[in-house]
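Colleague: Got a structure here, written out as structure tokens. Questions coming.
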Amino acid sequence: MTSSLNIAGDPSEAVKITWLGHSMFLLDDGVGHRLVTDPYDAHVGYALPDVEADLVLVSHGHGDHSNVGLVKGNPMVIQSTIDEIVDGIPIKGYATYHDGRGGAERGSNIVYRWQMRDLTFVHLGDLGHVISHELIDNLANPDVLFVPVGGYFTIDDAQAEEVVKALAARIAIPMHFKNAACGFPIQTEEPFLSRFERVTRAGKQPVFISKNDIPAETHILLMDYIT
């Protein structure tokens with residue numbers, strides 16, 4: 001079943017979300033805040049975007065998530081379990097792992113939760129395990145969840161489904177999956193999408209999400225990368 005989700009909200013009230021590929025998103029609230037997550041380097045396969053921001057969140061130090069020099073505008077870079085308001089944006093980072101063995105295989109990972117335009121966002125970075133009850137309590141009920149779904153380096157489609165449902169995310173946006181640009185040995189998005197009834201495919205365009213657009217039940221929003 002596919003149902004519709006409003007992805008063209010009023011720009012004067014919405015956060016504009018652009019997927020630049022992999023785990024890299026640009027969020028612009030229209031009132032002076034531009035935030036980028038996990039900028040990648042050239043070896044991922046995507047064309048490197050021309051992007052400018054005020055703030056960059058980095059989940060971990062691997063090159064496909066930490067190419068902060070790519071982002072123009074002399075942004076503030078955060079790569080820690082921060083808990084403060086940065087330029088008017090409340091941000092909190094939570095320590096997790098890049099694998100299911102407590103970081104023994106691929107190290108640590110930071111999950112970020114922040115607010116823009118009265119919306120709560122959570123970006124899971126390269127989360128490699130199903131999250132604890134304590135972390136579920138801290139991250140529960142995000143308006144928008146950015147979730148890796150490709151497996152191998154991160155949680156897979158089944159684990160991603162479990163996380164989405166445990167957090168009761170209203171909109172879940174899959175990331176970190178194989179496509180025409182990214183040739184990593186991971187899954188495409190389709191196994192993850194097949195696990196949900198409510199799916200909207202945005203195509204190759206930014207989306208505008210406001211508080212009024214948030215659905216009552218979990219909805220998957222598939223974006224196409226723009227580079």
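Colleague: How many residues are polar (S, T, N, Q) and outside any strand (DSSP E or B) when one looks only at the range 75-120?
Modeller: 3
Colleague: All but one of (1) among the small types (G, A, S); (2) touching a residue at least 24 places away in the same chain (Cβ under 8 Å); (3) surrounded by fewer than 16 Cβ atoms within 10 Å (Cβ to Cβ); (4) at positive phi hold for G21, so report the exception by its number.
Modeller: (3) is the only condition that G21 fails.
Colleague: Scanning for something closer than 30 Å to D50 by Cα, touching a residue at least 12 places away in the same chain (Cβ under 8 Å) and not small (G, A, S), does the range 131-143 turn up at least one residue?
Modeller: Taking every residue of the range 131-143 in turn, at least one turns out to be closer than 30 Å to D50 by Cα, touching a residue at least 12 places away in the same chain (Cβ under 8 Å) and not small (G, A, S).
Colleague: Could you list, in sequence order, all residues of the range 95-112 that are surrounded by fewer than 20 Cβ atoms within 10 Å (Cβ to Cβ) and at pLDDT 95 or above?
Modeller: The one that is surrounded by fewer than 20 Cβ atoms within 10 Å (Cβ to Cβ) and at pLDDT 95 or above: A95.
Colleague: Filtering the range 169-184 down to residues that are in a loop (DSSP other than H, G, I, E, B), modelled with pLDDT of 95 or more and not aromatic (F, W, Y), which residue is surrounded by the most Cβ atoms within 10 Å (Cβ to Cβ)?
Modeller: H176
Colleague: Give the residue that is farthest from N179 (Cα to Cα), with candidates limited to residues of the range 36-54 that are part of a loop (DSSP other than H, G, I, E, B) and touching a strand residue (DSSP E or B) at 6+ places or on another chain (Cβ under 7 Å).
Modeller: D54
Colleague: So, in the range 211-227, of the ones that are in contact (Cβ under 8 Å) with a residue 60 or more places away in the chain and within 17 Å of the chain's Cα centre (by Cα), which residue ends up surrounded by the fewest Cβ atoms within 10 Å (Cβ to Cβ)?
Modeller: Out of the qualifying residues, it is D224.
Colleague: If you check G102, G73, G88, which single one turns out to be of a type outside the set (V, I, T) and farther than 22 Å from F208 by Cβ?
Modeller: G102
Colleague: Related question: Name the residues in the range 8-29 that are modelled with pLDDT under 90, in a loop (DSSP other than H, G, I, E, B) and under 22 Å from V51 (Cα atoms), would you?
Modeller: P11, S12
The values are calculated or read from the model by the stated rules, or taken from the named source; none is laboratory data. What you see is a predicted model; the values in this text were computed from it and never measured. As a convention, Cβ positions derive from the backbone with ideal geometry for all residues, glycine included, and neighbour counts pool all protein chains shown.
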